[in-house]
Amino acid sequence: RCGVSEGIPGFSARDAAGRWSGLDVDLCRAVAAAVLGDPARVKFVPLKASARFPALKVGQVDLLARNTTWTMSREVLLGVQFPAVLFYDGQAFMVPAESSATPAISLQGPICVEKGTTHERNLVRFLARHGARVETRVIDSAHGAADALFAGKCRAYTSDASQLAALRLQAPGGAGNYVILPERISKEPLGPVVANSDPHWASLVRWVLYALIEAEERGIT
């Protein structure tokens, strides 16, 4: 049982036929192949960011592969383990195209951010560091935050640059109506997460991920 996003193209997204695809999905299937001998023996569980760690804690999922940032506070306070880094990213801002020349620190609010993410804290620190007083709006899902931006309810949406790029493709009127500003206000090492109660399971996930990287380097598909 693999916890994934509710739909972020490139990481974990479901098509009209119900088929899942993406980088996180590929990792889940590889783990299933290593453990159960069949990459199809995966149940994908779509989760909001705010629900992902509770789902892992209560055993709703065995593996969390949901573009999740590895932090010390999460590993220590939540009792979880990050076996390895799958994707390196950074937090950015997406704005309407007419605001493309505006520096991130000069953005006017409200700025949308998804609940239950590192982006909330990073945004607060970024604004405080520059002495900016900008209204922020915390929204329960990534798609909800993007929809708020597209509807003009927010002047900007801040998240991982990769997630912004995926959601930008779904913008009404086309991706060209929105831009991702060049500034990055954090470093976001994204990776799979497991409960820290089973070190053997964590080791298995780690080495499956490393095997995928090695296979890619060797051109093995």
Scan the range 101-113 residue by residue and report those that are within 25 Å of W70 (Cα to Cα) and modelled with pLDDT under 95.
A104
Among the residues of the range 128-143, which ones are outside any strand (DSSP E or B) and either open to solvent by 90 Å² or more (accessible area, probe 1.4 Å) or in contact (Cβ under 8 Å) with a residue 12 or more places away in the chain (or both)?
R129, H130, A132, R133, V134, E135, D140, S141, A142, H143
Of all residues in the range 72-100, count the ones that are among the polar types (S, T, N, Q), surrounded by fewer than 19 Cβ atoms within 10 Å (Cβ to Cβ) and not in a helix (DSSP H, G or I).
1
From G79, G90, residue being modelled with pLDDT under 95 and not polar (S, T, N, Q):
G79
Inspect the range 161-172 for any residue being of a type in the set (K, R) and surrounded by 18 or more Cβ atoms within 10 Å (Cβ to Cβ) and give the result as yes or no.
yes
Hey, could you check the range 1-17 for residues that are open to solvent by 60 Å² or more (accessible area, probe 1.4 Å) and touching a residue at least 40 places away in the same chain (Cβ under 8 Å) and say which is farthest from Y88 (Cα to Cα)?
R1
Give me the residue from the range 196-221 that is of a type in the set (S, T, Y) and assigned to a loop (DSSP other than H, G, I, E, B) and, out of that set, surrounded by the fewest Cβ atoms within 10 Å (Cβ to Cβ).
T221
Selection from the range 18-61 of residues that are open to solvent by less than 60 Å² (accessible area, probe 1.4 Å), touching a strand residue (DSSP E or B) at 6+ places or on another chain (Cβ under 9 Å) and either of a type in the set (F, W, Y) or part of a loop (DSSP other than H, G, I, E, B) (or both):
W20, G22, V42, F44, L47, F53, G59, V61
If I ask for residues that are among the polar types (S, T, N, Q) and within 12 Å of the chain's Cα centre (by Cα), which ones from the range 159-177 would you list?
S159, S162, Q163
What number of residues in the range 162-195 are of a type outside the set (D, E, K, R) and either in a helix (DSSP H, G or I) or within 24 Å of L209 (Cβ to Cβ) (or both)?
17
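The values are calculated or read from the model by the stated rules, or taken from the named source; none is laboratory data. Just so you know, these numbers come straight off a predicted model, no measurement behind them. No Cβ is skipped: glycine too gets one built from the backbone with ideal geometry, and neighbour counts run over all protein chains shown. These accessible areas exclude ligands, DNA and RNA; they are computed on the full protein's heavy atoms, side chains included. Shrake-Rupley method; radii C 1.70, N 1.55, O 1.52, S 1.80 Å.
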